[in-house]
Amino acid sequence: MSDAKWIRRLERERNARKEAENLLESKSLELWDLNQSLEATIEQRTADLQVALSSAQKANTAKDEFLSNMSHEIRTPLNAIIGFVDIMLKKEMPQEKRNRYLGIIQQSGKNLLRIINDILDFSKIQSGKFSIFRTKSDLRDILTNNCKLLQSQARKKDITFTVDFNETFPQTIISDDARIIQILNNFVSNAIKFTDNNGTVNVYFSYDAVQKNLELRVKDNGIGIDAKAQEKIFTPFEQENASTTKEYGGTGLGLSISLSLIALMDGELIFESTKGEGSVFGFTIPIASIPDTIEQT
Amino acid sequence: MKGMVFTELFELVEEKFGYDLLDEVIDASHLENDGSYAATGSYPFEELLRIVLNLSEKTNIPVPTLLEVYGEHLFPKLIKVLPFLDKEIDILDFIDSVENYIHVQVRKLYPDAELPTFEVTSKSDTSLSFNYVSTKNIPQLAKGLILGAAKHFKQPVDVTIGDAQDNKFLITVTKTS
C-alpha cells in the first residue's frame, strides 16, 4: 500500500481531531461564560434577598411596636370612657362636674375615632384603594373655619397660633378639600403637640397664579427633629424614637398618611427641621384649573 | 446532522469492508472536509446521503438495507454518549418516550440537533404504531435504531414501515416474544 494513502488517512484523522479540539475549546469557553453569568446572577439574587429580608424584618419590628403602641393608644381613651361612665352611673354629682366628665368622654371618643380613621386610611392607601376627589369649593373659607378649631387646641397650651393667606389666594378652587384639611390638621396637631407651652405655630397658605401651585407651610418653634431621624418619621408606624412615642403618644401613621396623600395629589412635601429650634411641614400641590368666577378678597 | 452519525458510519464501513473501500467512498462523495468529521460537530445531512449512495453503489447493497443495518449498529454507540437512554424499560414504552423525553434531553445537549418527530397513533401491550415525520425521509434508519434498541433491551420486535404520505411514514413495532 502506498504511503500517500496512509498520509491521507492520517491527515483526515488529524483534521477531525483538531476540529473536535476546537469544538471542545469553544464549549469550555461557553461553559465558563455561563458559569460567570450564573455566579453574577446568584450574587445579585443573594443581595436582593438580603435587602428584602432585612426590609421585611424591619417592617415586622415596626408593626410589632405599632401593635403595642396601638393597644395603649386604644386602651387609654376606652378606659377613660368606661371609667367616667361608671362613676357617673354610680354617683350623683353637680351639673358642672357632670359636664366636665362628659367633655372627657367626648374627647376620648374623638381620639379613638382619629386613631381608627388613621388605621383605615393607612390600610386603604396601602392597598391602593384611596382616591382623590377634586371638587369646586370655597377653600379659603373652609381653611379659615378649620383653623378656628385648631386655634382652640393651641390655646390649651398657650401657643400663639397665626394663620395667613397670600394676596393672590383665590376664594374658590378645584381641589380635594377634605384631604387638604386632613393634611393641615395632621401638620398643625403635630406642631402643637411637639411645641412647648408659650411657643408659636404659624400657618401660611399661598397660591402661585403663574405656577398654579397651592402651598401650605406650618412652622413651629418646637422640639425639632434630629437630622438622623428625619427620614424615619415618614415611615409608617415610626416616630423619631421610642421615647417620643412614650412621651407624646400617637400612632406614627399621621405623617406617613399625609405624605401618601400629597403624592396622590401629585404634590411635593416641604420639610425642614432643626433639633431644638423647630420644624416646617408643608406641601405644594398643582391646581389644575381655577373657576372663572374668582372672587378676590 | 451530528458528526457522530458520520464517524460511526465510517467505523462500520472500515470494519465490514476495509479502509480502501472507505477511501473510495469518500473520494466518490466529494466531501468538503475530505471526510474529517468530529463526533461532536454538525454537518450537512446531504453529505451523509452522498456517502450512503456511494457506499450502496460500491457494495451493491440497497440503500434501505444499509440504513437499517447502520441504525442497528448505531444504537449501542448512542447509549454510550446519551446515558439517560440506558434504563430497564419496556421497548414500546421506550419508543413512546422518544418524542417527549429523549428528544427533549437531546436538545438540551445539542440545541442545533435536527430530530424527526414521532407521533404515536396507537399503543397496546404488544404493539405500537407511530408516524415518523422528517424532512430527511430515512425511516429505515429509525427502523434500524429500533432493532438496535430491541437487541440492547433483549426484547425482540418486528418493525414494518408503511407507505409514505407527504413526509410521514407509519411505522409499526410488534413484540415477537
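Any read-out appearing in this document is the output of simple, stated calculations on the displayed coordinates, not a laboratory observation. No experiment lies behind these values; they were computed from the predicted model shown. No Cβ is skipped: glycine too gets one built from the backbone with ideal geometry, and neighbour counts run over all protein chains shown.
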Using a 10 Å cut-off on Cβ to Cβ distances, tally the other chain neighbours for every residue of B:27-37 and report the average as a whole number.
3
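With the Cα gyration tensor of the stretch A:37-143 giving a ≥ b ≥ c as the square roots of its eigenvalues, does the rule (a/c under 1.5 for rounded; else a/b larger than b/c for prolate; else oblate) give rounded, prolate or oblate? Write out the running numbers ahead of the final one.
Values: a/c = 5.85, a/b = 1.95, b/c = 3.00.
Since a/c reaches 1.5 but b/c is at least a/b, the shape of the stretch A:37-143 is classed as oblate.
So for the stretch B:68-112, what percent of the C-alpha to C-alpha distances run longer than 18 Å? All intermediate terms of the calculation are to be shown ahead of the outcome.
Numbers: 309 of 990 pairs.
The calculated P(r) of the stretch B:68-112 puts 31 percent of pairs beyond 18 Å.
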Explain nothing, just compute: Karplus ³J(HN,Hα) = 6.51 cos²θ - 1.76 cosθ + 1.60, θ = phi - 60°, for every residue of the stretch A:260-266 in order, whole Hz, x for Gly and Pro.
5, 5, 4, 5, 5, 8, 6
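What is the packing order of peptides B:52-59, B:118-125, taking the mean over residues of other C-beta atoms within 10 Å and listing the highest first? Numbers along the way, then the final one.
Numbers: B:52-59: 16.8, B:118-125: 12.9.
Answer by packing, highest mean first, reads B:52-59, B:118-125.
Under unit Cβ charges (Lys, Arg +1; Asp, Glu -1), what dipole magnitude, rounded to 20 debye, does chain A have relative to its Cα centre? The partial results should precede the final answer.
Working: 37 positive and 41 negative charges, 196 e Å.
Once rounded to the nearest 20, the dipole reads 940 debye.
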What is the stretch B:55-155 by shape, rounded, prolate or oblate, if you read a ≥ b ≥ c off the alpha carbon gyration tensor as root eigenvalues and call it rounded for a/c under 1.5, prolate for a/b larger than b/c, and oblate otherwise?
rounded
Residues listed by number, the stretch B:1-21, amide nitrogen under 13 Å from A:L23 label point at 7 Å toward C-beta
B:1-9
Shape call for chain B from the C-alpha gyration tensor, a ≥ b ≥ c root eigenvalues: rounded (a/c under 1.5), prolate (a/b greater than b/c) or oblate?
prolate
Cα centroid separation, the stretch B:121-177 to the stretch A:4-48 (Å)
36
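Over 35 Å, how big is the tail of the calculated P(r) for chain A, in percent of all Cα pairs? Each step should come with its number before you reach the end.
Values: 18134 of 43956 pairs.
Above the 35 Å cut-off, chain A has 41 percent of its Cα pairs.
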Given points 7 Å out from each Cα along the Cα-Cβ axis, report the B:K87 to B:I161 separation in nanometres with one decimal.
2.9
Counting only other chains, what is the mean number of Cβ atoms within 10 angstrom of the Cβ of each residue in peptide A:16-22?
5
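Rank by packing, highest mean first: peptides B:131-141, B:162-172, A:91-101, with packing defined as the count of other Cβ atoms within 10 Å averaged across residues.
Numbers: B:131-141: 18.7, B:162-172: 14.3, A:91-101: 10.9.
With the highest mean Cβ count within 10 Å placed first, the list reads B:131-141, B:162-172, A:91-101.
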Tilt of helix A:95-126 relative to the longest C-alpha principal axis of chain A, in degrees (0 to 90, nearest 10)?
20
Please determine, in degrees from 0 to 90 and to the nearest 10, the orientation of helix A:139-156 with respect to the longest principal axis defined by the Cα atoms of chain A, where the helix direction is its Cα long axis.
70
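Report, in deg cm²/dmol and to the nearest 500, the calculated mean residue ellipticity at 222 nm for chain B, where each DSSP H run with n ≥ 4 adds -39500 (n - 2.57) and the sum is divided by the residue count. Don't skip to the answer; put the middle values down first.
On the way: 7 runs with 88 residues, N = 177.
Taken over chain B, the calculation gives -15500 deg cm²/dmol.
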Along the stretch A:279-288, what does the Karplus equation 6.51 cos²θ - 1.76 cosθ + 1.60 (θ = phi - 60°) give for ³J(HN,Hα), rounded to whole Hz, x for Gly and Pro?
9, 10, 10, x, 8, 10, 10, x, 10, 4
Which order do peptides A:222-228, B:142-148 fall in by mean Cβ count within 10 Å, highest first?
B:142-148, A:222-228
